[in-house]
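The values are calculated or read from the model by the stated rules, or taken from the named source; none is laboratory data. What you see is a predicted model, and the numbers here were worked out from it, not measured in a lab. Here the Cβ positions follow ideal geometry from the backbone for every residue, glycine too, while neighbour counts run over all protein chains shown.
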Amino acid sequence: MENQSVEKLLTNIEELKTNIDEQIATKLDIETCKRIVTRLNSFSAECEECEKRFIELEGHIMQLLKKKNSLTEDDIKHYTQKVNNITSHLTKKHKLVTSGFYFSVCMPIGTSLGVVFGLLIFENIGLGLPLGIGLGVAIGAALDAKAKKDGLTL
Ligand SMILES: [Zn+2]
């Protein structure tokens with residue numbers, strides 16, 4: 001992907017943001033969209049799918065830009081679906097994680113382990129539960145921090 005088309009797309013996204021309702025901009029999650037564009041670009045040289053998705057997204061943003069303030073719920077839904085598809089490709093194929101991913105995975109595991117071990121070892125859920133939650137939070141946060149440090153956070 002040429003740098004020029006990346007910059008143009010980022011400019012278009014920024015332009016879209018300034019031209020639409022703040023509420024809609026929040027729904028469209030403009031910041032995530034920009035990160036996705038950068039990621040697609042960095043993988044596009046070696047991944048055909050990323051290149052394809054980049055072009056697709058480029059076209060889609062152009063459509064949204066044309067409609068600007070007459071965006072409908074359907075447009076937003078359609079866009080969110082597209083972004084979700086891209087996110088799932090980036091996480092599955094390129095091993096990226098969404099921000100807070102490990103936290104959201106470890107926290108419930110810690111909670112259920114806390115219940116189980118609380119019952120088995122201490123015979124007291126009240127004792128096991130905070131331990132499990134604390135552990136889940138600590139491990140999740142550590143893994144999230146590591147992913148971020150390794151540049152794997154989307
Ligand atoms: Zn890819």
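For this structure, a couple of remarks:
- Being modelled with pLDDT under 95, in contact with a helix residue (DSSP H, G or I) (Cβ under 8 Å, 6 or more places away or on another chain) and either closer than 30 Å to residue 51 by Cβ or not assigned by TED's automatic domain parsing to the domain that holds residue 52 (or both) is a condition met by at least one residue of the stretch 138-154.
- Residue 121 being at pLDDT 95 or above, assigned to a helix (DSSP H, G or I) and among the aliphatic types (A, V, I, L, M): no
- Restricting attention to the stretch 21-51, the residues that are among the aliphatic types (A, V, I, L, M) and within 16 Å of residue 77 (Cα to Cα) total 4.
- The residue that is nearest to residue 95 (Cα to Cα), counting only those in the stretch 116-145 that are surrounded by fewer than 14 Cβ atoms within 10 Å (Cβ to Cβ) and β-branched (Val, Ile, Thr), is 116.
- Within the stretch 62-86, tally of residues that are of a type in the set (A, V, I, L, M) and either under 26 Å from residue 151 (Cα atoms) or within 16 Å of the ligand (Cβ to nearest atom) (or both): 2
- Check on residue 89, touching a Phe, Trp or Tyr at 6+ places or on another chain (Cβ under 8 Å) and within 16 Å of the ligand (Cβ to nearest atom): no
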